[in-house]
């Protein structure tokens, strides 16, 4: 099997949109079968929710997570069916997208990934209802500055606030309780940065997700994993996951830890990736890649037209 200079990347929550995966499912049997498998496992028509909405139901965390996984896996399976001898040099997923990456690397069965992402979404929503949180995008400050300001805000407010995503140089997302995030935004503004609250009520990748992580650990422990056939770059460490136990530790710890996306992309580029291909809905990750590795080539696979020359 030929290894290419491409890295495959998979988006996380927020990339969902009505119509996702529909064109590929109309054009390719393997995509139709992927959505049909998800429908059967979940016991309801996730495919209809993806193709036709309604948007508010698709956006619900418990639905959005398996929906994004399914759309990404369908797109990846179509590509694989067209180029069975080619394989990427490495794969990575942003937050939820890590499940799609593990499926692509042969470390996790799609059926198990569907079950895990559904439960993950339910537990995160429950934790958010019990302890409502906030998230905000921070621009124009360095990673170290944002981390230091979060620590200061947490100390001053007595509330949780921490870096959730290191997305790209000058683009960081913070997460925590309302008082903590509010205090951090004030400090960011005073430091010359820009803060933009996000329309979420779940403080992903923060200590407020600890109750979800504790319960989720039991489901992860009971799920079979295999050693990846392709390097999967971990969100927490920005290094390859090599064993089933490492994967389990990653998926549980990821709920309360920062996503090291900048470092992950740099690792893949240093490993020889010159082209980054995003599978599934949206173009957020390829946009971030361009900010991290300026000369990287990027592509998105989400419609039949995208496969031409891919």
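Since every read-out is calculated from the coordinates, none of them should be taken as a lab result. Please read all numbers here as calculations on a predicted model, not as lab measurements. Cβ placement follows ideal geometry from the backbone for every residue including glycine, while neighbour counts extend to all protein chains displayed.
Rank these for me by crowding, 284, 265, going from fewest to most other beta carbons within 10 Å.
Numbers: 284 16, 265 28.
Exposure proxy ranking, most exposed first: 284, 265.
Below 8 Å between Cα atoms, with a sequence gap of 6+, how large is the relative contact order for region 83-199 in percent? Write out the running numbers ahead of the final one.
Details: 162 pairs, mean separation 28.2, N = 117.
Contact order relative to length: 24 percent.
Given the options 138, 41, 233, which has the most mean-square fluctuation in a GNM of the chain, springs set between C-alpha atoms less than 10 angstrom apart?
Of the options given, 41 has the highest mean-square fluctuation.
Given contacts defined as C-alpha pairs under 8 Å and at least six residues apart, what's the relative contact order of the chain, whole-number percent? Intermediate results must be reported in sequence, preceding the final value.
Working: 704 pairs, mean separation 72.4, N = 310.
Reported relative contact order: 23 percent.
Points 7 angstrom from Cα along the Cβ direction at residue 60 and residue 156: gap in nanometres?
Going by the 7 Å Cα→Cβ label model, 3.9 nm.
Within region 89-117, what residues put their amide N at less than 20 Å from the label point 7 Å along the Cα-to-Cβ vector of residue 239?
Only 90-95, 98, 102 pass the distance filter.
Where Rh is the Kirkwood radius over the Cα pairs of region 133-200, the temperature 37 °C and the viscosity 0.692 mPa s, what D in µm²/s does Stokes-Einstein return? Numbers along the way, then the final one.
Numbers: Rh = 11.1 Å.
Using the Kirkwood radius from Cα pairs, D works out to 297 µm²/s.
For a Förster distance of 35 Å, can you work out the FRET efficiency between the beta-carbons of residue 199 and residue 44, rounded to the nearest 0.05?
Values: r = 25 Å, r/R0 = 0.73.
Once rounded, the FRET efficiency stands at 0.85.
To make sure I understand, if each residue's beta carbon is the centre and we count other beta carbons within 10 Å, what order do 109, 245, 144, 306 fall in, fewest to most? Mind showing how you got there, number by number?
Working: 109 15, 245 11, 144 8, 306 19.
The fewest-first ordering by Cβ neighbours comes to 144, 245, 109, 306.
According to the square roots a ≥ b ≥ c of the eigenvalues of the Cα gyration tensor, what is the shape class of region 135-278, taking rounded for a/c under 1.5, prolate for a/b larger than b/c otherwise, and oblate for the remainder?
Details: a/c = 2.80, a/b = 1.40, b/c = 2.00.
It is oblate, given that a/c is not under 1.5 and a/b is not larger than b/c.
Restricting to bridges with both residues inside the chain, how much of the DSSP beta-bridge set is antiparallel, in percent to the nearest 5? Walk me through the numbers before you get to the answer.
Numbers: 18 of 35 bridges.
Restricted to the chain, the bridges split so that about 50 percent are antiparallel.
Separation of region 1-36 and region 58-120 by C-alpha centroid, Å?
What the calculation gives is 8 Å, centre to centre.
Hey, in the GNM for the chain with a 10 angstrom Cα cutoff, which one of 88, 66, 197 fluctuates hardest?
197
Taking 8 Å as the Cα distance limit and 6 or more residues as the minimum spacing, I'd like the relative contact order of region 133-200 as a percentage. Kindly include the intermediate steps, with their values, before the conclusion.
On the way: 145 pairs, mean separation 30.7, N = 68.
Computed over region 133-200, the figure is 45 percent.
Distance in nm between label sites at residue 221 and residue 85, each 7 Å beyond Cα in the beta-carbon direction?
With each label placed 7 Å out from Cα toward Cβ, I get 4.6 nm.
Connecting C-alpha atoms closer than 10 Å in a GNM of the chain, tell me which of 154, 67, 294 has the biggest fluctuation.
Result: 294 has the largest fluctuation of those listed.
Of 261, 76, 267, how do they rank once you tally other Cβ atoms within 10 Å and put the fewest first?
On the way: 261 28, 76 25, 267 21.
Sorted ascending by nearby Cβ count, the order is 267, 76, 261.
By its C-alpha gyration tensor, with a ≥ b ≥ c as the square roots of the eigenvalues, how is region 204-271 shaped: rounded for a/c under 1.5, else prolate for a/b larger than b/c, else oblate?
Numbers: a/c = 4.05, a/b = 1.29, b/c = 3.13.
It comes out oblate by the Cα gyration axes.
In whole angstrom, how far apart do the alpha carbon centroids of region 267-310 and region 195-217 sit?
What the calculation gives is 27 Å, centre to centre.
Shape of region 1-146 from its Cα gyration tensor (a ≥ b ≥ c, root eigenvalues): rounded if a/c is under 1.5, otherwise prolate when a/b > b/c, or oblate?
Numbers: a/c = 1.89, a/b = 1.18, b/c = 1.60.
Oblate shape, in that a/c is at least 1.5 and b/c is the bigger or equal ratio.
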